[in-house]
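Below is one structure, written out as structure tokens; comments come after it.
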Amino acid sequence: NDAPAVKEADIGVAMGMTGTEVTKEAAAMIVTDDNFASIVAAVEEGRAIYANIRKFIRYLLGCNTGEILTMFIAAISGMQLPLLPMQILWTNLVTDGLPALALGVEAPEQNLMQRPPRKPSESIFANGLAGSMLFRGIAIGACTIAAFLIALRTGPLAYARTVAFTTLVLAQLIFAFECRSEERGLFENGLFGNWYLIGADLISLAMQLAVIYFAPLRDIFGTVALDLKDWGLIVLFSSLSMLVSELVRFIKKAIRKVVSIKRRPGLARA
């Protein structure tokens, strides 16, 4: 008599060891070890995988949005292009490879199982993911253009392109650490916790330094060697997009906190 009930349930569960064959055929899920704790572990694993897919998508599309906007703004404004084709390809190779893969193995967040279940029909871009990617892409593109224009006033075109090129790469490598969590910012989450990501960013940074300071690669990618002053400008503008993003996150969090306080029944009666 279990089979009809299991078949009518939203998710029918059968025991793999002690359950009857008829019940197993009707069930949507079979617990092979007859331990209901396995279902909880499976749900947690599924949530962690889904969350990492969102982090992966947020990082890749946010970075690509920044690259597209950098070239698009320069093209429609009539200014010199801040990046050469080879530099764009190199940026994609350095930033879209190892850091993105490292985000795919991010450990589950502590409050993962306390979150409410999502609707099966919910888009993967729901809960502000699309807006977050667009905003971060705009910030990266704007900071890259700003660094390019400042460098263009103080040096030749090849120098300005090298500054913009490196600013774009470094901004994306910083963004990878922001993508470790959708709920917590970079300062809350910290830099440590995913050593794969740290290693991936260090390798990507070393590859970028090779393009700048290794003469044969400089000829291929059209870059020039940078000094300490130039790195100050690059670090400033690559970090600026992150600081703006963190400020917006802080403001949103403060607004939500104020709204939640106002909605408390006790305060409403007072």
Original post:
Any idea of the accessible area per residue across segment 154-270, 1.4 Å probe, to the nearest Å²?
Top reply: 55
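Suppose only helical runs count, i.e. DSSP H with n ≥ 4. What mean residue ellipticity at 222 nm does that imply for the chain under -39500 (n - 2.57) per run, divided by all residues and rounded to the nearest 500 deg cm²/dmol?
Working: 12 runs with 189 residues, N = 270.
So the calculated ellipticity at 222 nm is -23000 deg cm²/dmol.
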Subject >> Highest to lowest packing among 27-33, 81-87, scored as the average C-beta count within 10 Å >> reply: 81-87, 27-33
Subject >> Debye, to nearest 20: dipole size of segment 1-159, +1 on Lys, Arg Cβ, -1 on Asp, Glu Cβ >> reply: 940
**OP:** Order the peptides 207-214, 226-233 from the highest to the lowest mean number of other Cβ atoms within 10 Å of their residues.
**Re:** 207-214, 226-233
Original post:
Quick one: putting +1 on the C-beta of Lys and Arg, -1 on the C-beta of Asp and Glu, what dipole do you get for the chain around its Cα centre, in Debye to the nearest 20?
Top reply: 1440
**OP:** Give me the lysines in straight-line cross-link reach of Lys257: C-alpha distance below 30 Å, same-chain residues under 8 apart excluded.
**Re:** Lys55, Lys119
Original post:
At a 1.4 Å probe, what is the % contribution of carbon and sulfur to the accessible area of segment 7-160?
Top reply: 67
Original post:
DSSP H helices in the chain with Cα extent of 20 Å or more along the helix axis and mean Kyte-Doolittle hydropathy at least -1.0?
Top reply: 37-77, 129-154, 157-178, 195-213, 228-262
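Take peptides 177-186, 15-24, 251-260, 127-136 and line them up by average Cβ neighbours within 10 Å, highest first, as a rough protection proxy.
Answer by packing, highest mean first, reads 177-186, 127-136, 15-24, 251-260.
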**OP:** Would you work out which of Leu197, Thr144, Leu61 lies farthest towards the positive end of the dipole of the chain? Charges go on Cβ: Lys and Arg +1, Asp and Glu -1.
**Re:** Thr144
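Can you list the chymotrypsin sites (Phe, Trp or Tyr not before Pro) in segment 1-84 that are in a DSSP coil and have 15 or fewer other beta carbons within 10 angstrom?
Passing both the DSSP loop test and the Cβ count: Phe36.
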Subject >> With all protein chains modelled, accessible area of Leu152 [1.4 Å, Å²] >> reply: 60
Original post:
Comparing Gly190, Gly141, Gly62, which has the greatest mean-square fluctuation in the GNM of the chain with Cα pairs linked when under 10 Å apart?
Top reply: Gly190
Original post:
Considering the values [x] 41; [y] 31; [z] 23, which represents percent of Cα pairs over 32 Å apart as calculated for the structure under consideration?
Top reply: [x]
**OP:** Select from Ile261, Gly222, Met86 the residue farthest towards the positive end of the dipole of the chain; place +1 on Cβ of Lys and Arg, -1 on Cβ of Asp and Glu, and compute about the Cα centre.
**Re:** Ile261
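The values are calculated or read from the model by the stated rules, or taken from the named source; none is laboratory data. Small disclaimer: the values here were computed from a predicted structure and weren't measured. Don't worry about glycine lacking a Cβ; one is built from the backbone with ideal geometry, like all the others, and counts go over all protein chains shown. Keep in mind that these areas ignore ligands, DNA and RNA; they rest on the heavy atoms of the full protein, side chains included. Shrake-Rupley method; radii C 1.70, N 1.55, O 1.52, S 1.80 Å.
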